[in-house]
């Protein structure tokens, strides 16, 4: 069976397709975990394999999401495809390095409270972006993340956040003509 663009779009159309992809991802990562845990010599590199494997799965999902972008030689899909390809290639490199034992073994247990905090902050960032737009939500997210990481040079925090927003504006809005989310609240005020 030949998979065409339309076949892939139909397969992953809507929220049901996303749930199916997540289910397949969980099964594959679980199988990979079991296989690595059975290998006594490779068990210490489990995290060094699972994280890049997760990045590969996310990159595949992102690629599927770009299937409905207009296809042109250097069109809107070119930049995401470039980043996706780089993410996959570098993740494969990291997996090979870990399986060959050329990386350091996984460290002990980290701080799960910080992990939960960053996951929560990222979810809040994505939800806020829909309401207040990319620029304001990104500014708040960057300030919050730097604060969570115990960085307390407030002028530098402000400068880095503003610098990133200026960079994003000029690269995405001005050079690539890619509109960033404005948010519902901003749209109401602009009308």
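A few points about this structure:
- Subset of segment 36-48 [surrounded by 12 or more Cβ atoms within 10 Å (Cβ to Cβ) and modelled with pLDDT under 80]: 36, 39, 42, 43, 44, 45, 46, 47
- In the set (1) in contact with a helix residue (DSSP H, G or I) (Cβ under 8 Å, 6 or more places away or on another chain); (2) at pLDDT below 90; (3) assigned to a helix (DSSP H, G or I), residue 178 fails one condition alone, (3).
- Every condition in (1) part of a loop (DSSP other than H, G, I, E, B); (2) modelled with pLDDT of 70 or more is met by residue 84 except one, and the failing one is (1).
- Residue 154 under 21 Å from the mean Cα position of the chain (by Cα) and not assigned by TED's automatic domain parsing to the domain that holds residue 44: no
- Whichever residue in segment 105-122 is surrounded by 10 or more Cβ atoms within 10 Å (Cβ to Cβ) and part of a loop (DSSP other than H, G, I, E, B) and, among such residues, is modelled with the highest pLDDT: 105
- The lone criterion from (1) without any contact (Cβ under 8 Å) to a residue 24 or more places away in the chain; (2) outside the structural domain of residue 46 (by TED's automatic domain parsing); (3) within 21 Å of the chain's Cα centre (by Cα) left unmet by residue 86 is number (2).
- Residues of segment 164-191 satisfying the condition of being over 22 Å from residue 127 (Cα atoms) and within 20 Å of the chain's Cα centre (by Cα): 167, 171
The values are calculated or read from the model by the stated rules, or taken from the named source; none is laboratory data. Quick caveat, the model's predicted, so the values are computed rather than measured. All Cβ positions, even for glycine, are placed from backbone atoms using ideal geometry, and neighbour counts span all protein chains on display.
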